[in-house]
Amino acid sequence: MEPWFTSAKLGIFIHWGIYAVKGVPESWSFFNGEIGYDDYMDQLQGFTASHFDPDQWAELFLRAGARYAVLTSKHHDGVALFDTRQSELSTVRRTPAGRDLVREFVDAMRRHDLRVGLYFSHLDWSHPDYATVRRHEAGDRQLNRFSAPPPGEEDPERWERFLQFHRAQVEEVIRAYHPDLLWFDGEWERDEPQWRMRELREQIRQWDPHAIVNGRMLGFGDYATPEQGIPIEPPEGPWELCLTINDSWGWQGGDRNHKSVRQLVRILAETVGAGGNLLLDVGPHEDGTITEEQRERLEGLGLWVDRHAEAIYDTRRGLPCGHFHGASTLTPDRRTLYLFLFDRPNEHVVLRGLQTPIHHVRVVGSASKLRHRLYGGLGEVPGLVYIDIADGHLDPLTTVLAVEFEQPLELYRGKGRD
């Protein structure tokens with residue numbers, strides 16, 4: 001795993017494609033029968049990217065506090081936002097935009113020192129050779145004519161042709177744009193022997209040995225990607241929560257259920273405190289503009305992150321459950337512990353099981369130092385640390401305390417005396 005990823009903490013996910021013309025769910029709208037396939041593809045004629053300014057995107061993402069951004073280079077509908085030689089189905093050849101939007105995105109992100117990620121769908125519900133085999137075992141999602149042939153009508157030779165197409169497009173994306181991160185999706189409709197993901201992972205290493213690969217590779221990715229909810233038991237290794245600002249990945253005009261800045265701050269803190277990154281999604285209009293509601297939330301999140309950057313970036317997952325009621329992070333040397341206070345404390349914040357004495361406690365983003373006291377303790381069992389805090393120290397979104405130690409923090413994980 002490249003070290004930049006685990007230090008980045010916040011990325012921006014961009015779901016952008018022809019589905020923004022009518023504001024329908026990306027790809028799933030025709031797969032689930034909400035709109036006919038031909039009507040869905042008619043959106044090609046309305047996709048202009050006429051106000052797409054990737055430098056403005058990059059500046060907004062930086063104001064949000066992001067360190068990387070991931071764009072949908074091709075969703076399940078098969079429409080490539082890049083100049084592919086493997087198909088005519090691209091924004092370059094089939095839309096009024098007539099441009100390689102991935103190239104513009106990649107170049108702009110790098111001009112602004114943002115790491116570049118590209119989303120790529122393994123499955124392709126538009127390719128004539130895709131729906132030619134079925135999973136060896138029943139999947140957990142429905143199958144229809146876009147995803148699989150009727151029983152008894154499998155055609156393994158056509159599936160092999162699709163795999164050649166799939167590998168060729170993946171190679172195009174890597175060799176043309178050299179993304180720092182490959183964000184795959186759409187693996188669930190086939191088994192590992194059908195996809196041959198181990199083989200693909202080895203090919204990716206040959207094409208670009210430094211590219212990070214997300215976990216949707218049937219066991220051959222670099223990190224886990226839980227979606228739309230913080231896991232109760234987070235993965236042991238690196239992971240990333242992908243989350244929408246409202247309820248939709250792409251732009252849908254009727255979706256006004258946007259999360260507040262306070263909610264986003266809490267989700268970011270809880271995710272980072274559990275050792276993950278937050279990949280926060282926006283859905284631009286077809287012309288490439290990002291909605292005012294989403295811009296406001298990104299900028300509001302960024303203002304809070306800027307004040308509390310030391311507690312977010314370059315930290316590690318915090319205290320195990322039981323030591324503190326809330327999220328926390330630790331510096332790599334374990335000499336500073338950051339506590340995130342989501343709610344108004346009643347006079348005190350309490351810590352348990354700290355074997356290392358506290359040097360001092362301060363409020364992040366201010367010069368305030370707080371009084372702390374130790375109560376109880378017996379033998380090897382540490383006492384309770386009470387940190388006094390008044391309302392005047394509280395941040396309107398989330399308050400962060402820095403608990404500093406002269407030695408690396410050690411924790412007591414025993415059960416006490418019988």
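The values are calculated or read from the model by the stated rules, or taken from the named source; none is laboratory data. From a predicted model like this one, the values you see are computed outputs, not experimental measurements. Here the Cβ positions follow ideal geometry from the backbone for every residue, glycine too, while neighbour counts run over all protein chains shown. Quick note on the areas: whole protein, heavy atoms, side chains included, nothing else; ligands and nucleic acids left out. Shrake-Rupley method; radii C 1.70, N 1.55, O 1.52, S 1.80 Å.
Numbers for the structure displayed
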{"read-out": "Matching residues, the range 198-224, being touching a residue at least 40 places away in the same chain (Cβ under 8 Å) and under 16 Å from the mean Cα position of the chain (by Cα)", "value": "I212, R216, D222, Y223"}
{"read-out": "Residue list for the range 145-175, restricted to those being closer than 28 Å to D281 by Cα and not small (G, A, S)", "value": "F146, H166, R167, Q169, V170, E171, E172, V173, I174, R175"}
{"read-out": "Residue within the range 283-290 that is touching a helix residue (DSSP H, G or I) at 6+ places or on another chain (Cβ under 8 Å) and hydrophobic (A, V, I, L, M, F, W, C) present", "value": "yes"}
{"read-out": "Boolean, E104 is within 30 Å of K9 (Cβ to Cβ) and of a type outside the set (K, R)", "value": "yes"}
{"read-out": "Residues satisfying the stated conditions in the range 387-418, i.e. outside any loop (DSSP other than H, G, I, E, B), farther than 21 Å from G273 by Cα and either touching a Leu at 6+ places or on another chain (Cβ under 8 Å) or free of Cβ contacts under 8 Å to residues at least 40 places away in the same chain (or both)", "value": "D388, G392, H393"}
{"read-out": "Some residue of the range 282-291 being closer than 30 Å to H323 by Cα and outside any helix (DSSP H, G or I)", "value": "no"}
{"read-out": "Cβ-Cβ under 8 Å pairs, at least 6 apart or on other chains, the range 246-263 side closer than 26 Å to F342 by Cβ and open to solvent by 40 Å² or more (accessible area, probe 1.4 Å), far side of a type outside the set (F, W, Y) and not in a loop (DSSP other than H, G, I, E, B)", "value": "R256/E293; S260/R297"}
{"read-out": "Pairs where the first residue, in the range 5-22, is on the phi > 0 side of the Ramachandran plot and the second is among the aromatic types (F, W, Y), C-beta under 6 Å, 6+ apart", "value": "K9/Y313"}
{"read-out": "Residue under evaluation I35, criteria (1) in a loop (DSSP other than H, G, I, E, B); (2) touching a residue at least 24 places away in the same chain (Cβ under 8 Å); (3) open to solvent by 10 Å² or more (accessible area, probe 1.4 Å), criterion not met", "value": "(2)"}
{"read-out": "Restricting the range 281-316 to residues that are touching a Gly at 6+ places or on another chain (Cβ under 7 Å) and crowded, with 17+ Cβ neighbours inside 10 Å, the residue that is farthest from Y412 (Cα to Cα)", "value": "E286"}
{"read-out": "Tally of residues being in a strand (DSSP E or B) and either among the β-branched types (V, I, T) or under 34 Å from the mean Cα position of the chain (by Cα) (or both) across the range 360-379", "value": "3"}
{"read-out": "Single unsatisfied condition, S29 versus (1) open to solvent by 10 Å² or more (accessible area, probe 1.4 Å); (2) outside any loop (DSSP other than H, G, I, E, B); (3) without any contact (Cβ under 8 Å) to a residue 40 or more places away in the chain", "value": "(1)"}
{"read-out": "Candidates L62, L81 - the one that is open to solvent by 70 Å² or more (accessible area, probe 1.4 Å) and closer than 26 Å to R295 by Cβ", "value": "L62"}
{"read-out": "Identity of the residue in the range 1-26, aromatic (F, W, Y) and assigned to a helix (DSSP H, G or I), that ends up most open to solvent (accessible area, probe 1.4 Å)", "value": "W4"}
{"read-out": "Residues within the range 333-351 that are open to solvent by 80 Å² or more (accessible area, probe 1.4 Å) and in contact with a strand residue (DSSP E or B) (Cβ under 6 Å, 6 or more places away or on another chain), tallied", "value": "1"}
{"read-out": "Test: F146 is of a type in the set (F, W, Y), in contact with a Leu (Cβ under 8 Å, 6 or more places away or on another chain) and either in a loop (DSSP other than H, G, I, E, B) or open to solvent by 50 Å² or more (accessible area, probe 1.4 Å) (or both)", "value": "no"}
{"read-out": "Residue list for the range 40-59, restricted to those being within 24 Å of I174 (Cα to Cα), part of a helix (DSSP H, G or I) and open to solvent by 20 Å² or more (accessible area, probe 1.4 Å)", "value": "D55"}
{"read-out": "Answer residue from the range 99-139, given it is farther than 22 Å from L200 by Cβ and in a loop (DSSP other than H, G, I, E, B) and is most open to solvent (accessible area, probe 1.4 Å) among those", "value": "D113"}
